[in-house]
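S.K.: Below are the structure tokens for one structure; questions will follow.
Where a number appears in this text, it was derived from the coordinates with a stated rule and is not lab data. Since the model is a prediction, treat every value here as computed from it, not as a measurement. Don't worry about glycine lacking a Cβ; one is built from the backbone with ideal geometry, like all the others, and counts go over all protein chains shown.
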Amino acid sequence: MTTEVQIQLIDSGRETQSSQESYAWLMEHFHPNGLVCPRCGSELKQARLFRKRQVTGVDDYRCRKCTKTFNVYSGTVFEGRRLTPEQATLILQGIVRGERAQHLAREVGVCRQTIQAIRHQMETKVRATQSGD
């Protein structure tokens, strides 16, 4: 996650957002050029709505060219996790603020190990980005 995204997240001044606001924020910051297939790079208009996950409310799309299934979390630290958009944004806010994993897990409604794994992935990606500069 870039420093610019971190600053915008902190400066938003809002603790919680609605599901639609959180989803829009995730799309804007994780996929600023639009959601594309992670395998072949086809644009979203080349995909079809595959399913809406009932637990998370996240839409999954299936690419018509390569049949890969993808969603807003594809290519992020949240890929493969069953989190609602609200949970994802709250986790990002808590990690950026430096909240303890146990406190953040209780607040968001996930286990501590999930928070620690996401935090570790984020730190690894930031270190890799900084060493490449």
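S.K.: Which value, in debye to the nearest 20, describes the size of the charge dipole of segment 43-88 about its Cα centre when Lys and Arg Cβ atoms bear +1, Asp and Glu Cβ atoms bear -1, and nothing else is charged? Present the calculation step by step, with values, prior to reporting the outcome.
M.R.: On the way: 11 positive and 5 negative charges, 63 e Å.
Dipole magnitude for segment 43-88 comes out near 300 debye.
S.K.: Check cross-link reach from Lys52 to the lysines: straight Cα distance under 19 Å, and skip same-chain residues fewer than eight apart.
M.R.: Answer for Lys52, where 19 Å is the Cα cut-off: Lys68, listed by chain and number.
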